[in-house]
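The values are calculated or read from the model by the stated rules, or taken from the named source; none is laboratory data. A quick note: this is a predicted structure, and the numbers were derived from the prediction, not measured. Cβ placement follows ideal geometry from the backbone for every residue including glycine, while neighbour counts extend to all protein chains displayed.
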Amino acid sequence: MTNIKDLAKIARVSVTTVSRVLNNHPYVSEEKRMAVLKAIKDTNYNKNINAVHLSKGKTLMIGVVLPYSDHPYFSLLLKGIANEALKNNYKLVLFQTDYLEQREMEALEMLKQKQIDSVIICSRASDWKTIEEHLSFGKIVVCENMTERHVSSTYVDHYKTFLEALEFLFSKGYEKIGYCIGRKTGSNSLARECAYRDFMNKHNLSYTAEYIIDDCLYFEDGEKVMKKIRGMVEPPEALLVTSDQVAAGIVTYCHNNHIAIPDELAIIGFDNEPIAKLMNITTIHIPLEDMGKSLFLQAVSKERTNNEVMIKLIERGTA
């Protein structure tokens with residue numbers, strides 16, 4: 001295999017000159033540049049990228065761990081990360097995990113083996129101890145509140161956000177309130193559950209377990225939610241729905257089945273996706289692309305920072 005010394009010999013230039021040509025350095029005469037390029041073509045030379053990474057001490061690649069790439073929440077986060085990566089000449093290695101711990105471990109192993117410079121974890125299934133064991137191998141950034149840990153994070157305070165939405169519904173006269181969620185496990189989901197229980201206790205409201213409906217991720221899950229609700233003896237009067245897609249599915253089902261919104265059922269969605277504006281859904285605005293940008297910048301920074309993202313309740317026609 002041809003190496004940089006062979007190229008220098010063939011082109012009759014120094015190794016330094018070949019290196020400058022390979023790295024697009026401006027201070028090389030046109031004659032020498034052409035000689036090196038001819039040697040590269042004649043020998044079918046390919047740059048040893050592993051050697052380049054070793055010499056620079058970094059790969060300019062970042063791992064991004066997320067459960068689903070087709071879910072609007074994660075696709076918008078990824079868009080923010082990807083746009084910033086492009087600006088900074090980084091490449092992304094995507095790990096779509098479906099919340100399988102083994103797939104998350106693949107990203108952590110690549111970090112350990114120096115195949116990527118850092119890892120951004122948008123949502124995880126692994127316990128924190130597993131993540132913590134890999135912190136010495138490179139930068140790990142998470143999308144959850146980790147201010148008390150030795151890790152950078154960009155996050156929404158889901159306890160505070162959920163409480164604000166619940167209080168908004170209560171102020172409108174709703175007391176039988178439920179919520180729809182992607183999964184019941186995970187730190188963000190546990191924060192929401194804690195906020196819900198605290199809200200119920202504060203206002204002396206009865207806790208009804210069946211008002212919490214999980215595995216709600218996509219538009220079509222809205223119909224599933226409504227069929228469950230219609231089978232209840234005492235259905236909820238209002239729902240917090242942690243995805244505008246699911247909220248849109250619920251609203252569509254209600255319109256098709258002559259269920260008045262918000263008179264019979266009030267809805268608050270999350271994320272402020274275009275579909276929420278189109279369908280006039282009250283929602284919580286979360287600047288997901290900005291969060292993605294922050295996560296990327298934290299991944300390439302040597303500093304440890306924790307950035308809380310501010311949210312905004314946007315009142316429309318469903319609550």
Checklist entry - Restricting the stretch 79-98 to residues that are among the polar types (S, T, N, Q) and in contact (Cβ under 8 Å) with a residue 60 or more places away in the chain, which is farthest from residue 187 (Cα to Cα)? => result 88
Checklist entry - Give me the pairs: first residue in the stretch 23-48 and not assigned by TED's automatic domain parsing to the domain that holds residue 12, second residue buried (at least 17 other Cβ atoms within 10 Å of the Cβ) and β-branched (Val, Ile, Thr), beta-carbon distance under 6 Å, and six or more apart or on different chains, which are they? => result none
Checklist entry - For the stretch 157-165, does any single residue satisfy the condition of being surrounded by fewer than 17 Cβ atoms within 10 Å (Cβ to Cβ) and under 21 Å from the mean Cα position of the chain (by Cα)? => result yes
Next on the checklist: Can you go through 101, 144, 106 and tell me which one is closer than 20 Å to residue 187 by Cα, surrounded by fewer than 18 Cβ atoms within 10 Å (Cβ to Cβ) and not small (Gly, Ala, Ser)?
Outcome noted: 101
Checklist entry - Given the structure, is residue 238 of a type in the set (A, V, I, L, M) and more than 22 Å from residue 189 (Cβ to Cβ)? => result no
